[in-house]
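Working notes, beginning with the structure itself.
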Amino acid sequence: AERWAAFVARGLPRPRIVVVGGGTGGVELAMASAHRLRGEGAEPEVTVLESGSAALPGLGEGARRALLAQLERRGIRLLTGATAERIEADGVVIGGHHRLPADFVLSVAGAQPHGWLAGTGLRLHDGFIVVGPTLQTSMTHSSAGSAMQRASDPPQEGRKPYRSTRPPTSWWPNRTAC
């Protein structure tokens, strides 16, 4: 948030923003970024990169069409089949050698489960980790709230379990934005 505020404060007249991730979060972030910069008097050039063949996977066709129309109305460019191979100080490298200039890069992780989870021994549902009401997983001493803790580590002293309001054995994707 501080880096974004400092970037906006620079007052670039035509800032170039690249958003890596063409799911719902990436599209929303692209539109919000463009809106904020226009509110500051800038004319942003915003590009959304989606590695898949289509943006907004998993949405119903009507919602998908409406959001794609909003991107077009706002002048936000969408590149599909474009994998960000490297993020550099002044741009993003896609397709091995094509360089997309950028003054600021945002990245939004997708809501798809990672394939490597299948080899962890955790109980999964459609690829996502199944958790109980306290985010307890199927492995002893492992919870979704402490996913970085190895299953063999003892629970951390003084750490209280996170109480979820979701029903037992619920699952949901982890969404993160950088």
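The values are calculated or read from the model by the stated rules, or taken from the named source; none is laboratory data. The model shown is predicted, which means the values in this text are computed figures rather than measured ones. With ideal geometry, Cβ positions are generated from the backbone for all residues, glycine too; neighbour counts draw on all protein chains shown. We work out accessible area using only protein heavy atoms, side chains counted, and drop any ligands, DNA or RNA first. Shrake-Rupley method; radii C 1.70, N 1.55, O 1.52, S 1.80 Å.
If the condition is being more than 21 Å from Arg38 (Cα to Cα) and of a type in the set (A, V, I, L, M, F, W, C), then the stretch 58-103 contributes Leu59, Ala63, Ala66, Leu79, Ala82, Ala84, Ile87, Ala89, Val92, Val93, Ile94, Leu100.
In the stretch 94-119, how many are surrounded by 13 or more Cβ atoms within 10 Å (Cβ to Cβ) and aromatic (Phe, Trp, Tyr)? The qualifying residues number 1. Against the list (1) closer than 22 Å to Gln112 by Cβ; (2) part of a loop (DSSP other than H, G, I, E, B), the condition Glu43 fails is (1). Figure legend. Inter-residue proximity from the stretch 19-39: first residues of a type in the set (Lys, Arg), second residues buried (at least 21 other Cβ atoms within 10 Å of the Cβ) and at pLDDT 95 or above, beta-carbon distance below 8 Å, spacing 6+ or different chains. Indicated pairs: Arg38/Pro44. Within the stretch 46-82, the set of residues being part of a strand (DSSP E or B), over 21 Å from Val8 (Cβ atoms) and open to solvent by 50 Å² or more (accessible area, probe 1.4 Å) comprises Leu78, Thr80. The residue that is modelled with the lowest pLDDT, counting only those in the stretch 1-40 that are farther than 12 Å from Arg74 by Cβ, out of contact with any helix residue (DSSP H, G or I) (no Cβ under 9 Å at 6 or more places or on another chain) and open to solvent by 90 Å² or more (accessible area, probe 1.4 Å), is Ala1. So, Val18, is that one more than 30 Å from Asp126 (Cα to Cα) and either assigned to a loop (DSSP other than H, G, I, E, B) or not polar (S, T, N, Q) (or both) or not? Considered against the rule, which asks whether it is more than 30 Å from Asp126 (Cα to Cα) and either assigned to a loop (DSSP other than H, G, I, E, B) or not polar (S, T, N, Q) (or both), Val18 comes out as yes.
Please pick out the residue among Glu43, Glu85 that is surrounded by fewer than 17 Cβ atoms within 10 Å (Cβ to Cβ), modelled with pLDDT of 95 or more and not basic (Lys, Arg).
Among Glu43, Glu85, only Glu43 is surrounded by fewer than 17 Cβ atoms within 10 Å (Cβ to Cβ), modelled with pLDDT of 95 or more and not basic (Lys, Arg).
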